[in-house]
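The values are calculated or read from the model by the stated rules, or taken from the named source; none is laboratory data. Values in this document were obtained by computation on a predicted structure and should not be read as measured data. Neighbour counts are summed over all protein chains in view; Cβ atoms, including those assigned to glycine, are modelled from backbone coordinates with ideal geometry.
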Amino acid sequence: MNILEKIVARKKEEIAAAKTVKSISDLEKELLFARKTVSLATALKQAEKPRIISEFKRKSPSKGVINGAVDPAKVTKDYANADAVALSVLTDIDFFGGSFGDFAAARQANPGIPMLRKDFMVDPYQLYEAKAIGADVVLLIAACLTPGEVVSLSEKAHELGLEVLLEVHNAEELKATLCNSVDIVGVNNRNLKTFDTSIETSIALSEHIPDSFVKISESGLKDAETIQRLYQHGYKGFLIGETFMKTVNPGAALADLQNDLSQFSNQNPLVL
Ligand SMILES: O=P(O)(O)OC[C@@H](O)[C@@H](O)c1c[nH]c2ccccc12
């Protein structure tokens, strides 16, 4: 079993256990009080400069513990103050050290900003959970879903008022799973077999993503030059976790990056 298969197998156990505690109809009742969602896709489409989606990530299978004892409310508030376009908060417990508690604390500290529930979505039940904890966007990872599942989960997400970020690693995944009910396409620079990251993945895939989809680049991003280069290939959003989380002050690390980004005078995407 590769890491993704292990995570998904464990996820299915967690979902089965969660359903015995709370049914979908219990969650539906909670949704009656759910906040109105805000659109990340719109914010990205309107962006006239690279926008950063800042991630709250305590640990990962590739890096181990990145920052175990940080406060999600403080870090995410600092991210928002440093002009993050959105927050991504891991809710996977076993492999990423995340939780609903982290997500809820971040949401409470930042009522208005778009938030991505970062987890491995394989069952509509998780979409109800996402909506109930205050998410605006959910992640669908092409590598662990069939094309049919991507369609049905994204349609269900829309019914609940959630946007869908479809994550792909290569042209085959993109071709098989891209459908109209996806709002944002994310190219993950991390190879899930080797854990290596290469921005060439984003560069190679950029031209295969139709312009009707707003696109973001994910993982392994560290500096303004790289982000600017990807922006010129049409990427509007950049999902960054480790570069910020490994520092003592993740919000300050984002502010530094924003400052570096503002040094670029040519912020317009090149026509390639
Ligand atoms: O910490 P990084 O290298 O900046 O990466 C952030 C994000 O892209 C990464 O956490 C991620 C991308 N896709 C995922 C799917 C599940 C869990 C995590 C992820």
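Which numbered condition trips up residue 112, out of (1) at positive phi; (2) touching a residue at least 24 places away in the same chain (Cβ under 8 Å)?
(1)
Restricting the search to the stretch 217-250, which residues are more than 22 Å from residue 72 (Cβ to Cβ) and touching a residue at least 60 places away in the same chain (Cβ under 8 Å)?
227, 228, 230, 231, 235, 236
For the stretch 244-267, what are the residues that are of a type outside the set (Gly, Ala, Ser) and surrounded by fewer than 20 Cβ atoms within 10 Å (Cβ to Cβ)?
Within the stretch 244-267, 246, 247, 248, 249, 256, 258, 259, 260, 263, 264, 266, 267 meet the criteria.
Mind listing whichever residues of the stretch 201-256 are within 16 Å of the ligand (Cβ to nearest atom), among the small types (Gly, Ala, Ser) and part of a helix (DSSP H, G or I)?
Scanning the stretch 201-256 gives 202, 224, 251, 253.
Can you spot a residue in the stretch 27-36 that is under 18 Å from the mean Cα position of the chain (by Cα) and among the hydrophobic types (A, V, I, L, M, F, W, C)?
No: zero hits.
Checking residue 118 against (1) within 14 Å of the ligand (Cβ to nearest atom); (2) in contact (Cβ under 8 Å) with a residue 60 or more places away in the chain; (3) more than 15 Å from the chain's Cα centre (by Cα), which test does it fail?
(3) is the only condition that residue 118 fails.
Going residue by residue through the stretch 86-100, is there one that turns out to be farther than 22 Å from residue 165 by Cα, touching a Phe, Trp or Tyr at 6+ places or on another chain (Cβ under 9 Å) and of a type outside the set (Lys, Arg)?
No, there is no match, as no residue in the stretch 86-100 is farther than 22 Å from residue 165 by Cα, touching a Phe, Trp or Tyr at 6+ places or on another chain (Cβ under 9 Å) and of a type outside the set (Lys, Arg).
List the number of the failed condition for residue 190; all other conditions in (1) over 15 Å from the mean Cα position of the chain (by Cα); (2) in contact (Cβ under 8 Å) with a residue 40 or more places away in the chain hold.
Unmet for residue 190, out of (1) over 15 Å from the mean Cα position of the chain (by Cα); (2) in contact (Cβ under 8 Å) with a residue 40 or more places away in the chain: (1).
Those residues that are touching an Asp or Glu at 6+ places or on another chain (Cβ under 9 Å) and charged (D, E, K, R), I need them from the stretch 130-160; list them, please.
The answer is 131, 136.
Here is a yes/no grid of residues against (1) modelled with pLDDT of 95 or more; (2) surrounded by 18 or more Cβ atoms within 10 Å (Cβ to Cβ):
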position: 194; (1), (2): no, no
position: 205; (1), (2): yes, yes
position: 208; (1), (2): yes, no
position: 233; (1), (2): yes, yes
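List the helices (runs of 4 or more DSSP H) inside the stretch 1-62, counting only whole elements, that have at least 1 residues being among the basic types (Lys, Arg) and within 27 Å of residue 76 (Cβ to Cβ).
3-21, 40-45
Just checking, does the stretch 11-21 include any residue being surrounded by 19 or more Cβ atoms within 10 Å (Cβ to Cβ) and either in contact with a Lys or Arg (Cβ under 8 Å, 6 or more places away or on another chain) or not hydroxyl-bearing (Ser, Thr, Tyr) (or both)?
Yes, because at least one residue in the stretch 11-21 is surrounded by 19 or more Cβ atoms within 10 Å (Cβ to Cβ) and either in contact with a Lys or Arg (Cβ under 8 Å, 6 or more places away or on another chain) or not hydroxyl-bearing (Ser, Thr, Tyr) (or both).
Considering only the stretch 19-59, state which residues are acidic (Asp, Glu) and closer than 24 Å to residue 122 by Cα.
26, 28, 30, 55
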